[in-house]
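Colleague: Before we start, here is the structure in question, set down as structure tokens.
Bear in mind these aren't lab numbers, they're just calculated from the coordinates by the rules spelled out. On a predicted model such as this, the values are computed, not experimentally measured, just so you know. In this analysis, Cβ positions are derived from the backbone assuming ideal geometry, glycine residues included, and neighbour counts consider all displayed protein chains.
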Amino acid sequence: MKADIEIPKVENVYIVAIQDFSDDFQENCWYAYLLNATDETLEMAMIVSKAHGLINGEERNTMQLRHAFATLAPQTAVKMEFLENSVLQLNNEFSLSYFIGNKMYDKNFVFKANSINTNDQVDLPAINKLGVIGV
């Protein structure tokens with residue numbers, strides 16, 4: 001029965017961290033985005049995020065956040081959540097599930113502690129911005 005379940009490989013869909021100017025804070029802040037660099041529309045995209053790790057030798061965990069998007073057009077990105085500076089010191093995990101047609105795709109993306117920073121930015125596909133790609 002398990003052999004009948006096909007889970008296709010996720011390609012050209014990413015969770016990325018991008019630095020944008022915040023009018024509220026009057027400075028550049030990090031935000032998590034769902035990036036669709038495919039030529040297909042993503043449907044029913046669902047993301048669960050959380051962060052965990054050590055700060056000053058003490059175990060820290062954030063609450064889980066959930067995001068849902070009915071569709072995401074090809075070659076676009078959508079802002080999901082603000083990444084507060086203290087959370088950048090933790091391992092940030094994003095579990096993504098979505099459909100293309102009748103096939104469900106699923107992948108976990110991780111930003112290791114302190115990996116979201118300006119030194120690790122790369123050119124992001126499809127949206128012509130700099131950012132950090134979750135692995």
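Colleague: Could you go through segment 71-87 in sequence order and give the Karplus-derived ³J(HN,Hα) for each residue, using 6.51 cos²θ - 1.76 cosθ + 1.60 with θ = phi - 60°, rounded to whole Hz, and x for Gly and Pro?
Modeller: Calculated HN-Hα couplings, in order: 8, 9, 5, x, 6, 9, 9, 10, 6, 9, 7, 6, 10, 5, 3, 5, 6 Hz.
Colleague: Could I ask something else about it? Once the piece of chain linking Phe69 and Asn119 is laid out straight, how much longer is it, given 0.36 nm per residue of separation minus the C-alpha distance between them?
Modeller: Working: separation 50, 0.36 × 50 = 18.00 nm, distance 3.02 nm.
Stretched out fully, the Phe69 to Asn119 stretch lengthens by 15.0 nm.
Colleague: Any idea which of Phe82, Leu124, Phe94 is furthest toward the positive side of the dipole for the chain, if Lys and Arg beta-carbons carry +1 and Asp and Glu beta-carbons -1?
Modeller: Phe94
Colleague: Same structure, new question: Are any of the pairs Lys9/Lys112; Lys50/Lys107; Lys79/Lys129; Lys9/Lys103 more than 20 Å apart by Cα-Cα distance, and if so, which? Walk me through the numbers on the way to the answer.
Modeller: On the way: Lys9/Lys112 22 Å; Lys50/Lys107 15 Å; Lys79/Lys129 13 Å; Lys9/Lys103 11 Å.
Pairs exceeding 20 Å: Lys9/Lys112.
Colleague: Subtract the Cα-Cα distance of Asp106 and Val48 from 0.36 nm times their separation in residues, and report this length gain in nm to one decimal. Kindly include the intermediate steps, with their values, before the conclusion.
Modeller: Details: separation 58, 0.36 × 58 = 20.88 nm, distance 1.16 nm.
19.7 nm is the gain from fully extending Asp106 to Val48.
Colleague: Note the listed values [x] 13.7, 39; [y] 17.8, 56; [z] 15.5, 55, then indicate which one is Rg and Dmax of the Cα atoms in Å calculated from this particular structure.
Modeller: Computed from these coordinates, Rg and Dmax of the Cα atoms in Å corresponds to label [z].
Colleague: Then there is this: Output ³J(HN,Hα) for segment 45-51: one whole-Hz value per residue in order, computed from phi by the Karplus curve 6.51 cos²θ - 1.76 cosθ + 1.60 with θ = phi - 60°, and x for Gly and Pro.
Modeller: 6, 10, 10, 10, 10, 7, 9
Colleague: Any idea what the dipole of segment 53-121 comes to, in debye rounded to 20, about its Cα centre with Lys/Arg Cβ at +1 and Asp/Glu Cβ at -1?
Modeller: On the way: 6 positive and 7 negative charges, 60 e Å.
It comes to approximately 280 debye.
Colleague: If we count other beta carbons within 10 Å of each Cβ, what is the order of Met63, Met80, Met104, fewest first? Each step should come with its number before you reach the end.
Modeller: Numbers: Met63 7, Met80 19, Met104 15.
Ordered from fewest to most neighbouring Cβ atoms within 10 Å, Met63, Met80, Met104 come out as Met63, Met104, Met80.
Colleague: Taking the Cα centre of segment 19-133 as origin, sum charge times position over the Cβ atoms of Lys and Arg (+1) and Asp and Glu (-1), and report the length of that vector in debye to the nearest 20. If you can, show how the numbers build up before the last one.
Modeller: Numbers: 8 positive and 15 negative charges, 65 e Å.
The calculated dipole for segment 19-133 is roughly 320 debye.
Colleague: Something else: Quick one: net charge around Arg66, please, counting Lys, Arg +1 and Asp, Glu -1 for every other residue with C-beta under 14 Å from its C-beta. The partial results should precede the final answer.
Modeller: Details: positive: Lys50; negative: Glu81, Glu93.
My count for the surroundings of Arg66 gives -1.
Colleague: Further, regarding this structure: Return the distance in nm (one decimal) between the two label points of a simple spin-label model at Glu11 and Glu40, each offset 7 Å from Cα along Cα→Cβ.
Modeller: With each label point 7 Å from Cα toward Cβ, the separation is 1.0 nm.
Colleague: Quick one: what are the phi-derived ³J(HN,Hα) couplings along segment 90-106, Karplus 6.51/-1.76/1.60 with θ = phi - 60°, whole Hz, x for glycine and proline?
Modeller: 9, 6, 9, 10, 10, 9, 10, 9, 7, 10, 10, x, 9, 9, 9, 10, 8
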